[in-house]
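Engineer: Attaching a single structure in structure tokens format; questions to follow.
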Amino acid sequence: MNAPAPYFHWGFILISLPNLALIGAMVGLFVVALLLPFPGRRQRYPRRGK
Amino acid sequence: MTEEQGPAGRSPTADDLAAAVPSTRSWTVTVRRLLTERLPLEHVLPDHEPVFVGSWVYVFGVVAIAALVWVIVSGVILAFMGPQWWHVSPQGRFANSLHFWSVQLFFVFMVLHLWGQYFGAGWRHGRAGTWMVGVVVFLASIVTAFTGYLAQQNFASQWIAINAKDGINATGAGAFFNVLNFGQMYGLHVMLLPALVTALVVIHVLQVRMRGVVRPIGDEPGGPPQ
């Protein structure tokens with residue numbers, strides 16, 4: 001905890017691994033939220049015109 | 001008909017009361033009329049939501065607000081007890097960690113909420129103001145978090161302040177926003193900026209309540225049937 005974090009360096013991209021992991025976790029959580037069914041919603045909502 | 005009764009002997013409604021007031025320039029009448037028209041109580045405290053809101057994506061915003069509540073609760077405790085307590089005692093270190101990690105969650109879920117609204121184009125159909133206030137909440141939160149890092153009262157806060165000084169000076173704001181002035185940064189962090197963020201969040205939620213949640217893309221009124 002009391003040492004500099006390791007960094008990912010690729011071209012002009014320079015980011016610490018903890019920050020990179022957090023961004024990856026956020027993207028993963030966003031995708032899961034899109035795909036995971038919401039409790040109590042067993043059907044897609046009726047679209048207009050149907 | 002008594003004074004307490006409206007037309008036909010029934011209790012007066014808000015519309016009756018509004019109609020009974022003559023045309024006036026009174027600001028209280030104007031504000032009351034605007035609130036009655038644009039923010040009725042059934043919009044402020046709805047008992048059901050549109051069916052398309054049944055998605056985890058719509059949970060991110062309320063989780064961010066829940067994290068903000070914990071930020072404020074832990075911050076009030078820290079402000080009351082003081083730096084020595086939050087640095088030395090186990091209870092203080094716990095409250096300090098609670099404050100730090102609830103801020104992390106606040107930002108994580110605020111950004112996830114932002115992504116959801118960006119990809120869903122949440123500013124459509126008269127909701128541009130809601131989007132813009134949300135952007136200002138984000139920017140104000142960054143400044144609040146920054147002053148929080150400066151108010152830690154440790155070597156990290158001194159390092160951040162000294163390194164930030166040149167950058168802030170370069171923006172021209174250094175004359176009135178002095179990151180080396182602990183009293184100024186602490187006052188901003190515990191009083192003015194939290195009040196600003198909280199007020200903006202309340203306005204943001206009321207804006208959502210006024211217009212409701214935007215319909216999904218491709219399902220707008222007047223759009224082609226899906």
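Engineer: Kindly list, by first and then second residue, each pair from a residue in region B:152-170 that is without any contact (Cβ under 8 Å) to a residue 60 or more places away in the chain to a residue that is exposed (fewer than 15 other Cβ atoms within 10 Å of the Cβ) and in a helix (DSSP H, G or I), limited to pairs with Cβ atoms under 8 Å and residues at least 6 apart or on different chains.
Structural biologist: Pairs that qualify, where the first residue is without any contact (Cβ under 8 Å) to a residue 60 or more places away in the chain and the partner is exposed (fewer than 15 other Cβ atoms within 10 Å of the Cβ) and in a helix (DSSP H, G or I): there are none.
Engineer: A further question on this structure: Which of the residues spanning region B:60-84 are over 23 Å from residue B:140 (Cβ atoms) and either among the charged types (D, E, K, R) or at pLDDT 95 or above (or both)?
Structural biologist: B:80, B:81
Engineer: For region B:167-174, indicate whether the set of residues that are in a helix (DSSP H, G or I), away from chain A (no Cβ under 14 Å) and within 15 Å of the chain's Cα centre (by Cα) is non-empty.
Structural biologist: no
Engineer: Taking the conditions exactly as written (exposed (fewer than 15 other Cβ atoms within 10 Å of the Cβ), assigned to a helix (DSSP H, G or I) and out of contact with any Lys or Arg (no Cβ under 7 Å at 6 or more places or on another chain)), does residue B:156 satisfy them or not?
Structural biologist: yes
Engineer: Scan region B:94-135 for residues that are part of a helix (DSSP H, G or I), away from chain A (no Cβ under 14 Å) and surrounded by 15 or more Cβ atoms within 10 Å (Cβ to Cβ) and report the count.
Structural biologist: Residues that pass the stated criteria total 9.
The values are calculated or read from the model by the stated rules, or taken from the named source; none is laboratory data. Because the structure is predicted, anything quoted here is derived from the model rather than measured. Neighbour counts run over all protein chains shown; Cβ positions are idealised from the backbone, glycine included.
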